[in-house]
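*Asks:* This structure is in structure tokens; I'll ask about it shortly.
Derivation of every value follows stated rules applied to the coordinates shown; laboratory data play no part. These numbers were taken from a predicted model, which means no experiment stands behind them. Cβ placement follows ideal geometry from the backbone for every residue including glycine, while neighbour counts extend to all protein chains displayed.
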């Protein structure tokens, strides 16, 4: 079986940078929410804090998925055999790694590719959390803009 093994340096960088990014977003989110308290904070502050927490969760989930790619050649072979089943285990021709989305693809002669190693929930969760973070950030920006416009109108009227 010809294998394209996961790059150990790339996985190390993904882990270190991903955890630093997740930690940074988590600190931002929690400090933003704690600064005024959730009940007393302005709408845009709460949205901004939860956007940071969603971004932290997306980064952490990506790192969690990348950890599943840390395998040696024998573990990759076993992961492929488990993914394709006994019927196609003898027909495995190779594997390749994808970092976006996270996949270990096992190629089977005449049957296509099978995903192995990375749990099925990781990529949809990363996408959903990242989109949530972006949407919350956009809503926070709109809420801040609306508040600024209202304040401008009030000052202009008086």
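*Asks:* Answer yes or no: is there a residue in the range 63-71 that is under 30 Å from residue 137 (Cα atoms), touching a strand residue (DSSP E or B) at 6+ places or on another chain (Cβ under 7 Å) and surrounded by 19 or more Cβ atoms within 10 Å (Cβ to Cβ).
*Replies:* Yes: one or more hits.
*Asks:* Of the conditions (1) under 20 Å from the mean Cα position of the chain (by Cα); (2) surrounded by 16 or more Cβ atoms within 10 Å (Cβ to Cβ); (3) in contact (Cβ under 8 Å) with a residue 24 or more places away in the chain, residue 92 satisfies every one except a single condition; which number is it?
*Replies:* It is condition (1) that residue 92 fails.
*Asks:* Sticking with this structure for a sec: Being closer than 22 Å to residue 96 by Cα, without any contact (Cβ under 8 Å) to a residue 40 or more places away in the chain and within 21 Å of the chain's Cα centre (by Cα) is the requirement here; does residue 114 meet it?
*Replies:* No.
*Asks:* So in the range 135-154, with the set limited to residues that are under 25 Å from residue 18 (Cβ atoms) and surrounded by 14 or more Cβ atoms within 10 Å (Cβ to Cβ), which one is farthest from the chain's Cα centre (by Cα)? Show your work before the answer.
*Replies:* So the first thing to find is which residues in the range 135-154 are under 25 Å from residue 18 (Cβ atoms), and the list is 135-138, 140.
Still in the list and also surrounded by 14 or more Cβ atoms within 10 Å (Cβ to Cβ): 136-137, 140.
Working: 136: 16, 137: 16, 140: 21 Å.
This residue is 140.
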